[in-house]
Amino acid sequence: MNKQVLYYNIDDSLDYERQLLTEWKINDLELIEVKDYENRNSFVDYAQDADGVVVEYQQITEDILNQLPI
């Protein structure tokens, strides 16, 4: 089963990251790109099934951390 890493509202594409995974022969890691600048859904909703998250310009408060499945 692949591990999922959520990239939340990252300005750039994930082409470089995916290229590195291919070069390093890592095939059990899935990068999930979410761009929801209008906050239609909460960050916590998006992150529920993720094994890891990468954020940019997103404040992760203690309240948000307490809602994440970690």
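No lab work stands behind these numbers, since they all come straight from the coordinates. Here the structure is a predicted model, which is why all the values come from computation and not from measurement. Glycine gets a Cβ as well: all are built from the backbone with ideal geometry, and neighbour counts include every protein chain shown.
For the chain, the Cβ-based charge dipole about the Cα centre amounts to some 160 debye (Lys, Arg positive; Asp, Glu negative; other atoms uncharged). In order along the stretch 20-33, phi translates into HN-Hα couplings of 4, 4, 5, 4, 7, 6, 9, 10, 10, 10, 10, 9, 9, 9 Hz, rounded to whole numbers, per the Karplus curve 6.51 cos²θ - 1.76 cosθ + 1.60 with θ = phi - 60° and x for Gly and Pro. Once backbone amide H atoms are built at 1.01 Å from N, ILE10 has VAL34 as its partners under 5 Å, excluding neighbours fewer than 5 places away on the same chain. Taking the inverse of the mean reciprocal distance over all distinct Cα pairs, the Kirkwood hydrodynamic radius of the stretch 3-67 comes to 12.7 Å. Stretching TYR46 away from LEU21 to a fully extended chain increases their span by 6.7 nm, per 0.36 nm per residue minus the current alpha-carbon distance. Considering only TYR37, VAL54, MET1, and ranking their Cα positions along the charge dipole of the chain that arises from unit charges at the beta-carbon of Lys, Arg, Asp and Glu, the one farthest toward the positive end is MET1.
Between VAL55 and ASN2, the modelled labels are 2.4 nm apart [label points 7 Å from Cα along Cα→Cβ].
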